[in-house]
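Asks: Next up is a structure, given as structure tokens.
The values are calculated or read from the model by the stated rules, or taken from the named source; none is laboratory data. In this text, all values refer to a predicted model and were calculated from it rather than measured experimentally. Positions of Cβ are backbone-derived with ideal geometry, glycine not excepted, and every protein chain shown enters the neighbour counts.
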């Protein structure tokens, strides 16, 4: 029986293959930066939401404590909390605020993704020694009534939380909202952490500079947020 010849399929020429490769390379060059930009915008949105939630928790705390700002507290804000009546630890902002995040009391350091900064790496978010945010008191030139956390640090690094009765005495006592000027509400009170905003031996997991292309975001006492900025303190 005679064989039926199969049709010959033409092969791709070298020029056609090179053309396809060139098209793929162009598409890759377009898509990868776009994906990176979308991811960065998503991280900024999530971080902004986290900062706003913290701002609401601070004002809720003040409302429940005769207008007093939470503190004394260390400048670094870590991704954990603990019930201050059962555990001796550093004065830490989230130890005051955890009820306002609807977090249950804890007898030991308890990590929570609610308290972590979405812009940081997973390793940084889950490290109890890595700051997520940093308290800020505005430029040093501001008057005491213009500084949201008061005219002093109102925290002694390493002060045991169960000894806060001592640390809460003047001059460590945080101010009351009624003691602050209108300008204080336009001063950045928290910013995203990096190795410049939080200079510490434990900052190695943080970005070398701001998490948003070398910039950081500030939360103001009035609840608004700054655009990403290279500033280390901010007042508007």
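Asks: Condition (residue is in a strand (DSSP E or B) and either in contact with a strand residue (DSSP E or B) (Cβ under 6 Å, 6 or more places away or on another chain) or surrounded by 19 or more Cβ atoms within 10 Å (Cβ to Cβ) (or both)) applied to the stretch 119-133: is it met by at least one residue?
Replies: Kept after step one, since they are in a strand (DSSP E or B), are these residues of the stretch 119-133: 133.
Filter once more, so that each one left must be either in contact with a strand residue (DSSP E or B) (Cβ under 6 Å, 6 or more places away or on another chain) or surrounded by 19 or more Cβ atoms within 10 Å (Cβ to Cβ) (or both): 133.
Yes.
Asks: Somewhere in the stretch 101-115, is a residue surrounded by 23 or more Cβ atoms within 10 Å (Cβ to Cβ) and assigned to a loop (DSSP other than H, G, I, E, B)? Show your work before the answer.
Replies: First, pick out the residues of the stretch 101-115 that are surrounded by 23 or more Cβ atoms within 10 Å (Cβ to Cβ): 115.
Applying the additional criterion that residues be assigned to a loop (DSSP other than H, G, I, E, B) yields none.
For the stretch 101-115, residues surrounded by 23 or more Cβ atoms within 10 Å (Cβ to Cβ) and assigned to a loop (DSSP other than H, G, I, E, B): absent.
Residue by residue, here is whether (1) in a helix (DSSP H, G or I); (2) modelled with pLDDT under 75 holds:
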| position | (1), (2) |
| --- | --- |
| 7 | no, yes |
| 18 | yes, no |
| 21 | yes, no |
| 36 | yes, yes |
| 40 | yes, yes |
| 46 | yes, no |
| 53 | yes, no |
| 60 | yes, no |
| 66 | no, no |
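Asks: Also, I was wondering about something else. Answer yes or no as to whether residue 154 is buried (at least 22 other Cβ atoms within 10 Å of the Cβ), at pLDDT below 90 and part of a loop (DSSP other than H, G, I, E, B). First the steps, then the outcome.
Replies: Numbers: buried (at least 22 other Cβ atoms within 10 Å of the Cβ): yes; at pLDDT below 90: yes; part of a loop (DSSP other than H, G, I, E, B): yes.
So residue 154 passes the test.
Asks: I've got another one for you. Against the definition (farther than 18 Å from residue 191 by Cα and buried (at least 18 other Cβ atoms within 10 Å of the Cβ)), how does residue 74 come out, yes or no?
Replies: Details: farther than 18 Å from residue 191 by Cα: no; buried (at least 18 other Cβ atoms within 10 Å of the Cβ): yes.
Judged against the criteria, residue 74 is not a match.
Asks: Surrounded by 19 or more Cβ atoms within 10 Å (Cβ to Cβ) and either in contact with a helix residue (DSSP H, G or I) (Cβ under 8 Å, 6 or more places away or on another chain) or touching a residue at least 12 places away in the same chain (Cβ under 8 Å) (or both), is that true of residue 232?
Replies: Working: surrounded by 19 or more Cβ atoms within 10 Å (Cβ to Cβ): no; either in contact with a helix residue (DSSP H, G or I) (Cβ under 8 Å, 6 or more places away or on another chain) or touching a residue at least 12 places away in the same chain (Cβ under 8 Å) (or both): yes.
No: the conditions fail for residue 232.
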